[in-house]
Amino acid sequence: MALRPAQVNIKALDHATVGQFWAEALGWSAYRGGSGLTTYVGPVGGLVWPDPVAVGINVVPVPGAKTATKNRVHLDLASTSAAHQTELVARLRTLGATPADVGQRDVPWTVLADPEGNEFCVLEPREIYRDTGPIAAVVVDCADPRTMAHFWGEATDWIRHEVTDEYAALRSAEGVGPYLEFLRTPGEKTAPDRVHLDLLPYPGDDQAAEVARLRALGATDLDIGQGDVPWTCLTDPDGHEFCVLALS
């Protein structure tokens, strides 16, 4: 049994505006959720969910705005050349992105924030990300990358590519789509994640059995007032929230 990362969940006051930003940023399309209350962002060509390669973005409405606290989960966007990186940053600024200072100092990547303040990076060209698509990686700040790599490697069917005390990286077994990366970062988690991953069982697998398996791996049940919903909210060993969705 295993789960697949199906989408990145982003909370927003205005899901339509944030969703449209990310669609244009990635060159993808924005689709209204079935209830019209969320915006899903995925590759062009019509809605396919879950996408067989890409990890989509689902923007959901919440009543509160982002605080000044830096998100502990963010996206890294890929570039193909120095010129492309410069052009991408300029285009994102015209779409509503703003420069963000997270203490990065003199680095080759550019840190920006989306229209509601969610930080993300536009990376300089790196060979490792040449075939990921527009999202190079979903990056998670944590205290112990080794522990996180073990948990998420067992939780999903993604393969561990590199694991050290400072950094760990996973990617799909097929070698497609973005990486899932864990960075050792000082400081403790002090607020709910504004950005988190949603996982999905494979056809024929049982959601409840998968949730039980995650608990045995170290996941903890989470009550955020979600009530009676078809998904299950959990936290990983570092306290990051995530959801196990139900197959529709």
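Rounded to the nearest 20, the Cβ-based charge dipole of the chain about its Cα centre (Lys and Arg +1, Asp and Glu -1) stands at 400 debye.
In this label model, Trp231 and Glu188 are separated by 2.7 nm, measuring between points 7 Å along each Cα→Cβ vector. Relative to one another, the C-alpha centroids of segment 4-41 and segment 174-213 are positioned 18 Å apart.
Divided by 2.2 N^0.38 Å, where N counts the residues, the Cα radius of gyration of segment 109-169 comes to 1.28. Site pair Val48 and Met1 shows an inter-label distance of 2.8 nm when each label is modelled 7 Å from Cα along Cα→Cβ. Only DSSP H runs of four or more residues enter the estimate; each adds -39500 (n - 2.57), and after division by the residues of the chain the mean residue ellipticity at 222 nm equals -6000 deg cm²/dmol. Rg/Rh, computed from the Cα trace of the chain with Rh as the Kirkwood radius, has the value 0.93. Solvent exposure of segment 130-234 amounts to 47 Å² per residue of accessible area, where only protein heavy atoms count and the probe is 1.4 Å. For the peptides 69-76, 84-91, the ranking by mean Cβ contacts within 10 Å, running from highest to lowest, is 69-76, 84-91.
Working from label points 7 Å from Cα in the Cα-to-Cβ sense, the Val60 to Thr164 distance is 3.5 nm.
Largest mean-square fluctuation among Ala82, Ala12, Ala113, in a Gaussian network model of the chain whose springs join Cα atoms under 10 Å apart, belongs to Ala82.
The fraction of accessible area contributed by carbon and sulfur in the chain is 55 percent, rounded to a whole number (1.4 Å probe; ligands and nucleic acids excluded). Candidate cross-link partners of Lys66 among the aspartates and glutamates, defined by an alpha-carbon separation under 17 Å and a same-chain spacing of 8 or more, comprise Asp14, Asp101, Asp114, Glu116, Glu119, Asp193, Glu241.
The values are calculated or read from the model by the stated rules, or taken from the named source; none is laboratory data. Computed from a predicted structure; not experimentally measured. Every residue, glycine among them, receives a Cβ derived from its backbone with ideal geometry; neighbour counts consider all protein chains shown. Please note that ligands, DNA and RNA were not included when accessible areas were found on the heavy atoms of the full protein model with its side chains. Shrake-Rupley method; radii C 1.70, N 1.55, O 1.52, S 1.80 Å.
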